[in-house]
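The values are calculated or read from the model by the stated rules, or taken from the named source; none is laboratory data. All of these numbers come straight from a predicted model, not from anything done at the bench. Virtual Cβ from ideal backbone geometry, glycine too; neighbours counted across all protein chains shown. Quick note on the areas: whole protein, heavy atoms, side chains included, nothing else; ligands and nucleic acids left out. Shrake-Rupley method; radii C 1.70, N 1.55, O 1.52, S 1.80 Å.
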Amino acid sequence: MAKSLNGQTATAVTVALALCFSVAPQADGRWPHGGGANVVLVTCDSLDGRLTFAPKNQTIELPNINFMKDRGAVFLNAYSNSPICCPSRAALWSGLYPHLTESWNNYKCLSNDYPTWMDILKNYGYYTKVYGKTDYTSGHHSISNRVEAWTRDVEFLLRQEGRPTTALIGNETTVRVMDRDWENTDKAVEWIRYKATQLSQPFVLSLGLNLPHPYPTPSMGEACGGSTFKTSPYWLKKVSYELVSIPKWLPFFEMHPVDYYSSYTKNCTSDFTQKEIKNIRAFYYAMCAEMDLMLGKIFSALYDTGLQNNTYIIFTSDHGELAMEHRQFYKMSMYEGSSHVPLLLVGPGVSGGQQISNLVSLVDIFPTILDIAGVPFVGNLSGFSLLPLLSRGLRKKISFNNSRPNWVLSEFHGCNVNASTYMFRTGKWKYIAYADGVSIPSQLFDLIADPDELTNVATKYPEVTNILDGKLHSILNYPEVSKSVHRYNKLQFINWKESLGENYTNVIANLRWHQDWQKDPMTYQNAIEQWLCFGTDAYGSQF
């Protein structure tokens, strides 16, 4: 099994987590940490972290994110540990890198009983409440989503998503577009006003929002993905349309092979007009603005009740949104639009206006929340508390290992990408390795000279490339991780195929890729059979 920084396996970490649950009330019946601070975590879906600071945030009004910046700290270099929904959230809730928990795709993540930071706080006397999505456990998302991930090594190209498009609904008074998010926000606000104010113990509240994730595209069938950017005139008018940029695209022959696969499966290789691209981006920013108002409702409830005096609020996202950068939408990429996430923190003792440039990631939220609560932790995590990075020396009583490295790690093993991907970011460099590190060319970007990540300088700076690859190897044996994922994908597909029996042919022909599949079903079915019959994995090892 792959190892963490200190050589600890996921199994050992799970045992350590269990040890910290051996907590009992004191002799007087009180819990040992009953007087800790409250914590509110708001996690949205698909917010490009660059929108929380200039110049990207000039395109759209985000007053509540700006409020957090004025009253607290914004982390300028925060990253998802896996830019896709479920594995990124598994990292956030477990505090461990995805390869340690084998969170490979949107179907394979944490078990339902996996101990999270919320479980720990509950056992230390915290009142816990969750509204909206958490999405860190296994068994969810569509059949299409998991089959696309399992078959990513098959020698075919099929469009798996609807062509990205826009939809304008309502009128200039239509504020509530994403009904489900508003329902959960309203519930959270009501809970803060009428339940949290009556508690005699500290609380932790998690609100999970779906915005600004694109909406489903019905033309792709029952298992449709989300390729529709939808908003109302009310929100669209808040976008500074003239400031919405048109990203530069490389010609097809210059694209990295994995990027081309992603662009094709995301249905982005056909022609788009500049107006189409600009509209997609403008509608996305409008969706971000609607989400921002939901965040504001939480702040209003906390401030109206006075609870802000003893409450820390953390805001983040599971991953970003490419919004047509690099000829792609969605996430599933190590480019900044996809992997860079927002991370802001406000609370007692946190001075306002802080812009923290240290490299951080979602695994840091677990130890940060425990640090805020003053709750001890037995064992090691992939992340580090954020509190020591804040000015004015904000620290709690509990000491965490604060030997924070000067790098972050992200990895991806899911659909729309035909190889396991590993990103190592340090200083101005972003290094991206694929699969076994040999069969697919790596990428190296200088984010200062090339913030749009259009020029791969891996061969120009071979010494830098080799050094960074060595550092990546020191964190995890990524070729072995890639092999493990490949074996998992094939076994899962075989089990799924056998479970369908005679229905297999019909089911696989009607997944999200049905529009392409049904043009030449025998060719695609034969490609899968050849893949299944091949006796070695994608990198030559015996299967």
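Using a 1.4 Å probe on the protein heavy atoms only, what accessible surface does residue 254 show? Give it in Å² to the nearest 10.
Looks like 100 Å² after rounding.
Select from 523, 310, 505 the residue farthest towards the positive end of the dipole of the chain; place +1 on Cβ of Lys and Arg, -1 on Cβ of Asp and Glu, and compute about the Cα centre.
In the chain, that residue is 310.
Could you check the simple spin-label distance between residue 495 and residue 520, using points 7 Å along Cα→Cβ, in nm with one decimal?
Each label point is offset 7 Å from its Cα along the Cβ direction, giving 3.3 nm.
Which parts of the range 423-446 would a label at residue 459 reach, counting a residue when its backbone N lies under 13 Å from a point 7 Å out along Cα-to-Cβ?
441-444
Would you give the gap between the C-alpha center of the range 488-523 and the C-alpha center of the range 292-343, rounded to a whole Å?
Here the answer is 36 Å between Cα centres.
Please give the solvent-accessible surface of residue 156 in Å², to the nearest 10, using a probe radius of 1.4 Å with every protein chain present.
For residue 156, solvent-accessible area is about 30 Å².
Any lysines with Cα under 18 Å of the residue 497 Cα? List them, leaving off those in the same chain fewer than 8 positions away.
Hits, sequence-local ones excluded: 108.
Would you mind counting up the charge near residue 444? Only other residues with Cβ under 15 Å from its Cβ, with Lys and Arg at +1 and Asp and Glu at -1.
Details: positive: 425, 428, 430, 460, 471; negative: 259, 336, 446, 450, 452, 453, 463, 469.
Around residue 444, the charge tally is -3.
Pull up the DSSP beta bridges for the chain and report the antiparallel fraction as a percent, rounded to 5.
The antiparallel proportion sits near 50 percent.
Express the relative contact order of the range 441-520 as a whole percentage, based on alpha carbon pairs under 8 Å and six or more residues apart in sequence. If you can, show how the numbers build up before the last one.
Numbers: 24 pairs, mean separation 10.5, N = 80.
After rounding, I find 13 percent.
With charges set only on the Cβ (+1 for Lys and Arg, -1 for Asp and Glu), what does the dipole of the range 447-537 come to about its Cα centre, in debye to the nearest 20?
Here the range 447-537 has a charge dipole of around 220 debye.
Report the accessible area of residue 505, computed with a 1.4 Å probe over the heavy atoms of all protein chains in place, in Å² rounded to the nearest 10.
Surface open to solvent at residue 505 totals about 70 Å².
With only Lys, Arg, Asp and Glu charged, each at its Cβ (+1 for the first two, -1 for the last two), find how big the charge dipole of the range 189-265 is about the Cα centre; round to the nearest 20 debye. Please report the intermediate quantities before stating the final value.
Details: 6 positive and 5 negative charges, 86 e Å.
The dipole of the range 189-265 has a size of about 420 debye.
Rank these by accessible area, largest first, 1.4 Å probe: 143, 280. Numbers along the way, then the final one.
On the way: 143 75, 280 5 Å².
Output order, biggest surface exposure first: 143, 280.
Residue 448 to residue 174: extension gain in nm, 0.36 nm per residue of separation minus the Cα-Cα distance?
On the way: separation 274, 0.36 × 274 = 98.64 nm, distance 4.05 nm.
Value of the extension gain: 94.6 nm.
When the label point is put 7 Å from the Cα of residue 473 along its Cα-to-beta-carbon vector, which residues of the range 408-428 have a backbone N closer than 17 Å?
Residues passing the 17 Å test: 422-424.
Could you order peptides 337-347, 514-524 by the average number of other Cβ atoms within 10 Å of their residues, highest first?
Averaged packing, sorted descending, gives the order 337-347, 514-524.
Relative to the Cα centre, what is the charge dipole magnitude of the chain, using +1 at the beta carbon of each Lys and Arg, -1 at the beta carbon of each Asp and Glu, and rounding to the nearest 20 debye?
On the way: 47 positive and 49 negative charges, 246 e Å.
Here the size comes out at about 1180 debye.
Report, ordered by chain and residue number, the lysines lying within cross-link reach of residue 471, taken as a straight Cα distance under 26 Å and ignoring same-chain residues fewer than 8 apart.
Result set, ordered by chain and number: 3, 331, 428, 430, 460, 483.
Could you point to the residue in 423, 484, 345 farthest towards the positive end of the chain's charge dipole, with +1 and -1 charges on the Cβ of Lys/Arg and Asp/Glu respectively?
345
Over the chain, what relative contact order in percent results from Cα pairs under 8 Å that are six or more residues apart? Don't skip to the end; give the middle numbers.
Values: 1110 pairs, mean separation 133.1, N = 543.
Taking the mean separation of contacting Cα pairs over the length of the chain, I get 25 percent.
Under 13 Å Cα-Cα from residue 275, which aspartates and glutamates qualify once same-chain neighbours fewer than 8 residues away are excluded?
Excluding near neighbours in sequence, the set is 242.
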